Protein chains: 4
Amino acid sequence: MRFFSDNAAAAHPKVIEAIAASNRVDTAYDGDAWSQQLDGVFSALFETEVQAFWVATGTAANCLALAALCRPYGGIFCHRDAHIEVDEAGAPGFFAHGAKLMLLDGAGAKLAPETVTDAIGAIRKDVHQVQPHALSITNATEYGLVYRAAEVAALGVVAKDHQLGFHMDGARFANAIVSTGASPADLTWRAGVDALSFGFIKNGGLNAECLVLFKTELADEIAVRRKRAGHLSSKGRVLAAQILALLEDGLWLDNARAANAAAQQLAQAAPDRMIYPVEANEIFLRVTAAENDRLRAQGFDYYDWGEGQIRLVTSWDQDGGDVDRLAEAIAAL
Amino acid sequence: MRFFSDNAAAAHPKVIEAIAASNRVDTAYDGDAWSQQLDGVFSALFETEVQAFWVATGTAANCLALAALCRPYGGIFCHRDAHIEVDEAGAPGFFAHGAKLMLLDGAGAKLAPETVTDAIGAIRKDVHQVQPHALSITNATEYGLVYRAAEVAALGVVAKDHQLGFHMDGARFANAIVSTGASPADLTWRAGVDALSFGFIKNGGLNAECLVLFKTELADEIAVRRKRAGHLSSKGRVLAAQILALLEDGLWLDNARAANAAAQQLAQAAPDRMIYPVEANEIFLRVTAAENDRLRAQGFDYYDWGEGQIRLVTSWDQDGGDVDRLAEAIAAL
Amino acid sequence: MRFFSDNAAAAHPKVIEAIAASNRVDTAYDGDAWSQQLDGVFSALFETEVQAFWVATGTAANCLALAALCRPYGGIFCHRDAHIEVDEAGAPGFFAHGAKLMLLDGAGAKLAPETVTDAIGAIRKDVHQVQPHALSITNATEYGLVYRAAEVAALGVVAKDHQLGFHMDGARFANAIVSTGASPADLTWRAGVDALSFGFIKNGGLNAECLVLFKTELADEIAVRRKRAGHLSSKGRVLAAQILALLEDGLWLDNARAANAAAQQLAQAAPDRMIYPVEANEIFLRVTAAENDRLRAQGFDYYDWGEGQIRLVTSWDQDGGDVDRLAEAIAAL
Amino acid sequence: MRFFSDNAAAAHPKVIEAIAASNRVDTAYDGDAWSQQLDGVFSALFETEVQAFWVATGTAANCLALAALCRPYGGIFCHRDAHIEVDEAGAPGFFAHGAKLMLLDGAGAKLAPETVTDAIGAIRKDVHQVQPHALSITNATEYGLVYRAAEVAALGVVAKDHQLGFHMDGARFANAIVSTGASPADLTWRAGVDALSFGFIKNGGLNAECLVLFKTELADEIAVRRKRAGHLSSKGRVLAAQILALLEDGLWLDNARAANAAAQQLAQAAPDRMIYPVEANEIFLRVTAAENDRLRAQGFDYYDWGEGQIRLVTSWDQDGGDVDRLAEAIAAL
């Protein structure tokens, strides 16, 4: 029973159908009928004019955005546990030509505005120290917390005050939207976000993510950088079609709701074991080695997360019976 | 009637089926059952132990290979009309951190060994001039010619003599195999090739190419570089499955045969108009502006290629009737 | 008798004196009394407000400028024989993060406006082809020709029309000024130049060149890039003092006049052997192998420049007797 | 009275004399008589065959070494307060093409072997996390502590066990040698160090540092990288001559002894105010704001180092009277 990661889940059947349906001759790259809809569809969703770029991975979405928001000699504030720092093999340094991630602290991988402000204050304004150019947050965070719209906006004020580009890694953006109840607009550009990595792969997609630019003057640059990084698929319709399928009739929200609900069920099974509030689809539990063994012996598959901690992730297609069984098993520990 | 590019064609139905069939929970990244077969399948095909890495684009395959074969301060010999120079937005410079493409001449985008040798001879062996680290050729070339095994081998000798890494851009490798009748082994590693960008997308695939490493000691580095470039898909099975489907029962060869045969039919329609020998699935024709207009008026879609020249590309799924009609139209000019 | 290169000459005694005179405790980096004078002195010389940055080499001056004028994904037009292409070990690709030098032709390493315009016209305006961001010329050129103010201005118009940053490699700027009789202002910013690598080392300096920015909004970026490239000397006064010594009382012009005059004397010795007009301090001569041997047997040291060609360079301190002897020897061939 | 930094001091008169003495025509770049002596002189000093490369700054020496010891996709362990992290404007990321500094803790900017080992243990051995390629330490450290030979050797063992290149930033190497009494060999290559940035500028030099390679197989690469970074001065003799002057008759050791002795005198003035043991030429003192004001009112110039702390640095040419006065003033606080 898999609670390992939402990125190992199957794609939603409608995604597969959409891929099949898009399999016909069309203009190459992003000139096809599907790709050409993206700007419009995302502009409607975000209630403002945006430019949307499909890419094959979240790393590509994140790092293209960061490269456009931070010059090679600048720095990017992010949490010490941010995916871009921990799990992307140094991709931000590659895409942004040596730009430096500047690591900040905060419970549950969440950044507070004053943490950013303090960090800025500690940097001498001279040529010897790297100056920050951008701020990147993850919503939902790597520890399953969410930033509410007001929290994003408070960071957005700091970003604006210090002329920092503001990027949101939304690998689990859908989960954050469902959890906060915020509108996509309120959780992003109205709060000052310049670029969003809008995740679909962990939410029923196959291999399509979308970089949504609110700061549309970066679009030309992003288009070139995407090509230059080998991310301009010649049959781009296969990516666009996935995204459109997930956006249609709110499928992306349904999927996220399912994942979040399963996480809540697990969280309720043993509230006092939760290391962080469970706000999206990730659960971090305190377990002893013996308890860990017992869970595994029952066939549950998940991630050991350091001494005495495990990580459970629920997916859009999580089997209800599996969730029941795991909730029971946790309660019974 | 599309003769624009083989990269705009549909994917083969078996590829779509394979994608659907692989849509189940499995280990993330390249730990899944499909990805895990690639090394074995390609090793069998090439009659030697290789390591195979799926990526989403030919640009990624080419540039990951070049980055591993050329240090940032080195140079890469390639033809002046090579795709890596002309059509990849400077991606080799990005992936290889400023390494320099060193442009060589040759009819039909083909390089002769002595061209490479002469170029090497013209470079002072000092720190002021960039020293070549690698050689990259395209087979079939950007002008639809092929290198035969002996021709590759002659270049391989030069590469070896001068310690150059040897890369083959095989965006149309299948067409070259079918055209030359050579074995995959003879056309690559037995001829000294270290790394092959094995193209599938132009030959019935959707968004999966394969970087095949004959110099397997580069595998660890390539694995890291792939991740770092945002090319490690979390549901990598969707890429592996496409490749396996095309390799099964020689589907890749059938597809290439179909494309090449269509090109031959067109070539025969007006042999004296051919700018280059037609050896794969690309045809370059001499036409006057009036002739060009006449063809377009009949509904044929293709690429203008400078003054008085057009490029026609046939695909695996080229409609036979369309080919007949175009052959007729050309003959009638 | 050395006619090998002006970069092997001794420094002018006043430069050594200035170094000694500046050897006292002062603020580190460029906060010292000498460095602080540079902006003012160069602004006066160029009759406009400029910002001036000392660096230790011409390569650093060139490549810092190019990195500021060209994004990593852009291209830089330059002559095929430009120093930045031929003799800087790929430094532009390093400093500018993979930006591409786009090589143009022209007699004597000089570019004509229509050459640039044609090259721009040949580039498709899409994301697949690298788009030009900058233009770099060398004055005096690598073949000892000079651009006159009107010629620079004609290129400046092209640059402006196509939004290209415009850089001048002035390793031998002094020789060009003396040769053309143009004012520094007319030969640079009034002709559209954004940044000048103002050479001193080949003209009596020791290890100080100056990057002069006319586009002063790039100054902050250049300051950071200089530090980041390891070119911010902590005792920067040693560089500034050299530059000030050479600028004082027109010493830089006297030095260039001496070098140019020596070159003219040699040019007159055998006008029909000259491969290019001699306009600065470099002479390219046609000689047979036997003639070459004869010259070398008489103790003249110079550079063989391909089959049947030699390069002679005169320096600010060229011994008059040596020049007489060489002129005679050439005339006697 | 300057206790601000040793990098603002004057150069030793013998250095100026050496510069003047080297001011004659010679082969360009590093082919001159002075540069050609470096390998031999340093090999003798280090009792093993080394290759030595002059450069103009410590940043260049450090970052050239790191670029050769760490591939672009690797990581470099260093202390959180290391100069390469804090004060080089991200230069390691530039020279090493996005390689990542991995920050470690340790009192007084000193690293313990187990800190490195623990950090290695915490990194998953997969492609998602940056793997360490190198280790860099500073000796004497940024807080004026020294690594003794045995301490370096213990780190050397860790480096070797984990195949990490081992770099020492020796901006104050002379001070460390004098302080520890170790031989240059024992403090470096015998302890596993692969490359040393041997500092001269803070110790009486003007603008010459030396990158000493013990891992001589990197020499060719370093030579190219130096050129490519714009650090190959054409009149390199001016750099080599400075270095030779300081090495002659142990002048470098005399200078360091003078600086260290002055620091000791200050340290003894108020042992209980010392934040770190004073082992080289830097002193960090606890002072109240009022005490700070009192010192400054007496004309002492130094660096405020965060709340309640000041940094004093003594130089090779520190005036004895100034030191007496400062020692007295400190004692009197």
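Under a model in which nothing but the beta-carbon of Lys, Arg (+1) and Asp, Glu (-1) is charged, the range D:212-333 shows a dipole of about 640 debye around its Cα centre. Positive end of the charge dipole of the range A:266-333 (Lys, Arg +1 and Asp, Glu -1 on Cβ, about the Cα centre): tell me which of A:A332, A:A270, A:T288 has its Cα farthest that way. Towards the positive end, the residue furthest out is A:T288.
Starting from one equal scatterer on each C-alpha and no solvent at all, send me the Debye-based log10 I(q)/I(0) for the range A:1-119 at q = 0.15, 0.18, 0.19 Å⁻¹, two decimals. After summing over all Cα pairs, the log10 values are -0.97, -1.15, -1.18. Considering only C:K125, C:K202, C:K110, the Gaussian network model of chain C with Cα springs below 10 Å gives its largest mean-square fluctuation to C:K125.
Within the same chain, aspartates and glutamates fewer than 8 places from C:K160 are excluded, and of the rest, those with a Cα less than 12 Å from its Cα are C:D194. Distance from the Cα centroid of the range C:281-302 to that of the range C:239-268 is 25 Å (rounded to whole angstrom). Return the subset of C:K14/C:K202; B:K100/D:K215; A:K202/B:K227; A:K235/D:K100; A:K14/A:K215; D:K100/D:K215 for which the Cα-Cα distance in this structure is over 24 Å, preserving the input order. Correct reply: B:K100/D:K215; A:K235/D:K100; A:K14/A:K215.
Give me, ordered by chain and number, the residues 5 or more places off C:G74 or on other chains with an amide H under 5 Å from its own placed amide H. Residues meeting the criterion, in which the H sits 1.01 Å from N, are C:K100.
Computed from backbone phi with θ = phi - 60° and the Karplus coefficients 6.51, -1.76 and 1.60, the 3J(HN,Hα) list for the range A:141-150 is 6, 5, 10, x, 8, 10, 8, 7, 4, 5 Hz; x is used for glycine and proline. Per residue of B:199-207, other chain Cβ atoms within 10 Å of the residue Cβ number 3 on average. Spatial offset of the range B:1-73 relative to the range B:181-210 amounts to 10 Å, using the alpha carbon center of each. Take the Cα of A:R80, go 7 Å toward its beta carbon, and the backbone nitrogen atoms of the range D:101-144 under 13 Å from that spot belong to D:103-106.
If you rank A:R71, C:R237 by how much accessible surface each has, with a 1.4 Å probe, what is the order from largest down? Spell out each step's value before the answer.
Details: A:R71 60, C:R237 0 Å².
Accessible-area ranking of A:R71, C:R237, largest first: A:R71, C:R237.
Both chains summed, the buried accessible area for A and D stands near 1300 Å², from protein heavy atoms and a 1.4 Å probe.
Highest GNM mean-square fluctuation among D:F200, D:F166, D:F42, for chain D modelled with Cα contacts below 10 Å: D:F42. If you take the beta carbon distance between A:W305 and D:A107 as r and set R0 to 45 Å, what does 1/(1 + (r/R0)^6) give as a FRET efficiency, to the nearest 0.05? FRET efficiency, A:W305 to D:A107: 0.90. Here the range B:57-193 is assigned +1 on the Cβ of each Lys and Arg and -1 on the Cβ of each Asp and Glu. Its dipole about the Cα centre then comes out at about 300 debye.
Treat every Asp and Glu Cβ in the protein assembly as shown as -1 and every Lys and Arg Cβ as +1, leave all other atoms uncharged, and give the resulting dipole magnitude about the Cα centre to the nearest 20 debye. Present the calculation step by step, with values, prior to reporting the outcome.
Numbers: 112 positive and 168 negative charges, 1 e Å.
My answer is approximately 0 debye.
What does the helix-only formula give at 222 nm for chain D: each DSSP H stretch with n ≥ 4 adding -39500 (n - 2.57), the total divided by the residues, and the result rounded to the nearest 500 deg cm²/dmol?
Working: 13 runs with 133 residues, N = 333.
Taken over chain D, the calculation gives -12000 deg cm²/dmol.
Note that the range D:196-205 has calculated 3J(HN,Hα) couplings of 10, 8, 8, x, 10, 5, 6, 10, x, x Hz, one per residue in order, obtained from phi through the Karplus relation 6.51 cos²θ - 1.76 cosθ + 1.60 (θ = phi - 60°); glycine and proline are x. Could you pull out every residue, at least 5 positions away or on a different chain, whose amide H is within less than 5 Å of the one on C:L104? Hs are placed 1.01 Å off N in the peptide plane, and Pro or chain starts have none. Under 5 Å from the amide H of C:L104: C:C78, C:H79, C:R80.
Axis between A and C by rotation; chain A residue with nearest Cβ and distance in whole Å recorded as A:H97, 2. Comparing B:N139, B:Y73, B:G90 along the charge dipole axis of the range B:54-158, the residue lying farthest to the positive side is B:Y73, per the Cβ-charge model.
What is the range C:186-248's relative contact order, in percent, from Cα pairs under 8 angstrom and six or more apart in sequence? All intermediate terms of the calculation are to be shown ahead of the outcome.
Values: 50 pairs, mean separation 20.2, N = 63.
In percent, rounded to a whole number, it is 32.
In whole percent, what relative contact order does the range B:30-120 give with Cα contacts below 8 Å and a gap of six or more residues? Could the numbers behind the result be given before it?
Working: 103 pairs, mean separation 20.1, N = 91.
In percent, rounded to a whole number, it is 22.
The mean sequence distance of close C-alpha pairs (under 8 Å, at least 6 residues apart), as a share of the length of chain D, puts its relative contact order at 24 percent. For the range D:253-264, backbone phi angles converted through the Karplus equation (6.51, -1.76, 1.60; θ = phi - 60°) give residue-by-residue couplings of 6, 4, 4, 5, 4, 4, 5, 5, 5, 4, 5, 4 Hz, Gly and Pro being listed as x.
Of all accessible surface on the range D:1-149 at a 1.4 Å probe, what whole percent is carbon and sulfur? Can you show the working numbers first?
Numbers: 2400 of 4470 Å².
Ligands and nucleic acids excluded, carbon and sulfur reach 54 percent.
The simple Förster model, with R0 at 45 Å and r as the Cβ-Cβ distance, assigns C:L253 and B:D220 a FRET efficiency of 0.15. Which residue, B:Q298, B:Q268, B:Q309, has the most motion in a Gaussian network model of chain B that connects Cα atoms within less than 10 Å? Looking only at B:Q298, B:Q268, B:Q309, the largest GNM fluctuation is found for B:Q298.
The values are calculated or read from the model by the stated rules, or taken from the named source; none is laboratory data. Just so you know, these numbers come straight off a predicted model, no measurement behind them. Please note: Cβ atoms are built from the backbone with ideal geometry, for glycine as well, and neighbour counts cover all protein chains shown. Note: areas computed on protein heavy atoms with side chains; ligands, DNA, RNA excluded. Shrake-Rupley method; radii C 1.70, N 1.55, O 1.52, S 1.80 Å.
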